[in-house]
Amino acid sequence: MSRDPMTDMHGEAWWMRALEGELSGEEAEDWQAHLAQCPSCRQEWAAMTQVDMILRTAAPPPLLPADFTARTVMQIAHRQKLLRMLRFVVGFLIVAAVAWIGFIYFDTTLDTLVRAASVVISRWQILFAAFMRTLVGLAITVKTLLPMILGIATALFLFLTPNSVLATVLVAWVSQKKRARAAAAM
């Protein structure tokens, strides 16, 4: 049971036609009879006719100048341009402040690192210089110490390093023993 929106007295189309005064004579009589019987429609109708009367009797809006739209568009564009410039300036100031603080911190940190590195380097230079003076002094004062140091260094090099003479001799000896065992087993 579908209702025709133009004849349904509770529908929006009917109410719009009634407010605009577009109801036929018979429809207007039916409408008045309906309002007499339906308290909710009667109350709504009274409120709507009052609002409609206020709107019809209200003063017309003032006429706008012919260049109103153009001026408004220009003002909006000008404000947007100012906002973009303001955002740029604020962003630049923030970046500059962060960079400035970063450079101050980096400069302090770099200064501390340079001082620490110079202390470490000078310490090693002092230790190396003292070690070298000691070795040179020992070599000069004790003429036999230099050949002994060279002999110990050569022995260590020959016997303790991988692929040294001792390792080569040991590998050759183990290979010879294996060959001898293999020949004896045959």
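Read the figures in this text as sums done on the coordinates, not as results from a lab. Remember, it's a predicted structure, so these values are computed and weren't measured experimentally. Neighbour counts are summed over all protein chains in view; Cβ atoms, including those assigned to glycine, are modelled from backbone coordinates with ideal geometry.
Residues of the range 117-134 with the amide nitrogen closer than 17 Å to a label point 7 Å from the Cα of Ile152, along Cα-to-Cβ, please.
Hits in the range 117-134 for Ile152 at 17 Å: 131-134.
Ignoring solvent entirely, what values of log10 I(q)/I(0) come out of the Debye formula for the range 12-57 at 0.14 Å⁻¹ when each Cα is a single scatterer?
-0.33
Which of the helices in the chain meet the span-like rule: DSSP H, Cα axial reach of 15 Å or more, Kyte-Doolittle mean at least 1.6?
145-160
Can you pull the one-decimal nm distance between simple spin-label points at Arg71 and Ala185, each 7 Å off the Cα toward Cβ?
In this crude label model, Arg71 to Ala185 measures out at 11.4 nm.
Hey, what does the equivalent ellipsoid look like for the chain, semi-axes from the Cα gyration tensor as sqrt of 5 times each eigenvalue, largest first, whole Å? Working shown, then result.
Details: eigenvalues 2548, 311, 44 Å².
The three semi-axes for the chain are 113, 39, 15 Å.
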